[in-house]
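K.L.:
Structure below; questions to follow.
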Amino acid sequence: MRKRPLIAALAASSVGAALCAAGFLVLRLKWIRRGLLPLTSPVRAPIRSLQSMVSRKVLSWSDSLPIYTLRNDKGMEVVVSSLGATIIKMIVPDSKGRKADVVLGYNDVESYLKTEPCTYFGAIVGRCANRIAGATFSVGGETYNLHSNNGPNALHGGPLGLHRRCWSGRASEDDNCSMVTLTYESPHGEEGYPGNLFVTVQYTLMKDRNDLTTVITATTDMPTPVNIVQHTYFNLGGHASGTILDHELTIHSGDHYTPVKSDQIPTGQILPVAATPFDFTKAHAVGERLSEVEGGYDHNYVLFNMGREAKTIVKKGMASEDAQLAATLTDPKSGRTLQLWTNAPGMQFYSGNFLDGATGKGQSSYVKHAGLCLETQAFPDSVNQSAFPSVILNPEDTYEHEIIYKFS
C-alpha cells in the first residue's frame, strides 16, 4: 500500500486542463514516509477565472474541471474533484450489495463556487479549519488579520480558502489500491496567513476492502497555523434518503469536549462529557438528545482519552503517529457502518443544523440534518487558546494528518 506506483494521469477535459494549467508554479515536495510522489505544478489561485466562467454559464464537472474516479473490487467508488480536492461522490454497497451515494454534494461547479453561506460539501478546508476568534492571531511577535467570513470570525480558512482553489491532480494504481494525489501551493498572504504553504492530499482506495484513506501533508517556509480538514457530509442511507437523526454514533475515547460560546468560539475549557447530551462514549441515536443541545451538535471532541492533558500529549499537531479508532456511525435501516480512524487530536461532530432545503445532487432537497460531519482536526481557535495544543507549523516540520473511512 505504501509503495510508490507508476503515475497514470486520468483523462481531463480540455477546458479543465486549461483551467488547472493556468497559474501553475514549480513546487518541490519532500519525500515523506507515507510514500507520496514528489509532484510539480501546484495551482495558485485560479479562482477568478473559474468565477468568470461561472458568470457566463452553469458548469458541469464534465466540461470544466478534472475529476478522478477510484474503484475497487468490492463495489465502492469515490469521485474526487480538483476544485477543493473535494469528494463529490462516494458509492458504498450495503450488507445486501445494494449501492448508494452516501455523501452530500452538488451537481455542478457553480454551486460549489457560489453557494452562500458555503456548505463545504466534501471539501478540503484550511489553511486553518474551524473558527478563529476575531479573525486575528499572533505568531512570532507579529499580528495577522484574516478575512472574516463568519460574523467577525474567520471560518475554515476564509471565503477563498483551500475549498475554493483549483488543485493539481495525478492518479496512480497498483495491485492493492488506486489513488489520486492532489497538490496546491498557498502563497504568502493568501486569506491573510503568513508563509508559503505546500499542501498535498492523497486519497487511497483499497482494492480488497472498502477502506478510503486520506493523508494530508503540508510544509511551510514561515511559522503559520495549519489545521487542514476533510469536510464530507455523510448520510449512510444515501444522500437523498432523509435525515441522519436515527443514525447511531459512538465517539470512542471521546470523554471530553470543548464547550463554546454563542458565537461557536470555544470558552477555553476542556470538560467531561459524562452526564451530558454530549456523551457518545456509548452508542446513541443522533436525534435522541438533540433537543437538549441549543442549536444542535457542532462541537469539538477531545479524542483518545487525552482530556485536559491534550496540550502535553499532542506533537506537531497530531495525537499519535498512526491512526486510531475515533468514531463509529451506523445506519440501522441500510445496515451500513462507517468506522472513522485518525491521528488527529480532535473531531468536530456537526449534525447538519444549517442545512435548509438547498438543492443537491439529483435535485434532492437537503433539509436540516440531511447529513452529518465527523471532521478530524485540531481544536477550534487553538491559535488563540493557551490551554489547547498548538497548531503552529514551523519550517523544519511536516504536518501529517491521516483519516481512514472503513465501511462495512
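The values are calculated or read from the model by the stated rules, or taken from the named source; none is laboratory data. Just so we're clear, the structure is a prediction, and the values are computed from it rather than from any experiment. Methodologically, a virtual Cβ is constructed for each residue, glycine included, from the backbone with ideal geometry; neighbour enumeration extends over all protein chains shown. Only protein heavy atoms, including side chains, enter the accessible area calculation; ligands, DNA and RNA are left aside. Shrake-Rupley method; radii C 1.70, N 1.55, O 1.52, S 1.80 Å.
K.L.:
Tell me, yes or no, whether the range 132-149 has at least one residue that is out of contact with any Cys (no Cβ under 9 Å at 6 or more places or on another chain), closer than 23 Å to Pro395 by Cα and crowded, with 23+ Cβ neighbours inside 10 Å.
P.N.:
yes
K.L.:
Taking only the range 93-108 into account, find how many residues are surrounded by fewer than 17 Cβ atoms within 10 Å (Cβ to Cβ) and outside any strand (DSSP E or B).
P.N.:
Final tally of qualifying residues: 4.
K.L.:
Take Gly296 and tell me if it is in contact with a helix residue (DSSP H, G or I) (Cβ under 9 Å, 6 or more places away or on another chain), in contact (Cβ under 8 Å) with a residue 40 or more places away in the chain and not aliphatic (A, V, I, L, M).
P.N.:
Against the criterion (in contact with a helix residue (DSSP H, G or I) (Cβ under 9 Å, 6 or more places away or on another chain), in contact (Cβ under 8 Å) with a residue 40 or more places away in the chain and not aliphatic (A, V, I, L, M)), Gly296 qualifies.
K.L.:
How do the strands (runs of 3 or more DSSP E) wholly within the range 323-408 filter down when requiring 2 or more residues that are of a type in the set (Asp, Glu): which remain?
P.N.:
399-407
K.L.:
For the range 318-371, how many residues are aliphatic (A, V, I, L, M), open to solvent by 10 Å² or more (accessible area, probe 1.4 Å), within 21 Å of His156 (Cα to Cα) and in contact with a His (Cβ under 8 Å, 6 or more places away or on another chain)?
P.N.:
Residues in the range 318-371 being aliphatic (A, V, I, L, M), open to solvent by 10 Å² or more (accessible area, probe 1.4 Å), within 21 Å of His156 (Cα to Cα) and in contact with a His (Cβ under 8 Å, 6 or more places away or on another chain): 2 in total.
K.L.:
Tell me yes or no: at least one residue of the range 159-175 is among the small types (Gly, Ala, Ser) and free of Cβ contacts under 8 Å to residues at least 60 places away in the same chain.
P.N.:
Looking through the range 159-175, at least one residue is among the small types (Gly, Ala, Ser) and free of Cβ contacts under 8 Å to residues at least 60 places away in the same chain.
K.L.:
Take the residues of the range 236-282 that are hydroxyl-bearing (Ser, Thr, Tyr) and more than 14 Å from Gly371 (Cα to Cα): which is most open to solvent (accessible area, probe 1.4 Å)?
P.N.:
Ser262
K.L.:
When the residues of the range 166-199 are narrowed to those that are of a type in the set (Ser, Thr, Tyr) and over 23 Å from Ile132 (Cα atoms), which ends up surrounded by the most Cβ atoms within 10 Å (Cβ to Cβ)?
P.N.:
This residue is Thr183.
K.L.:
Restricted to the range 283-299, and to residues that are more than 17 Å from Phe354 (Cα to Cα) and within 25 Å of the chain's Cα centre (by Cα), which residue is least open to solvent (accessible area, probe 1.4 Å)?
P.N.:
The extreme case among them is Ala285.
K.L.:
Follow-up. Filter the range 104-145 down to residues that are of a type outside the set (D, E, K, R) and under 21 Å from Ala85 (Cβ atoms), then give me how many there are.
P.N.:
22
K.L.:
With respect to the numbered conditions (1) modelled with pLDDT of 95 or more; (2) in a helix (DSSP H, G or I), which one is the sole condition not fulfilled by Met90?
P.N.:
Going through the list (1) modelled with pLDDT of 95 or more; (2) in a helix (DSSP H, G or I), Met90 breaks only (2).
K.L.:
Among the residues of the range 229-260, how many are at pLDDT 95 or above and part of a loop (DSSP other than H, G, I, E, B)?
P.N.:
Matching residues across the range 229-260 total 18.
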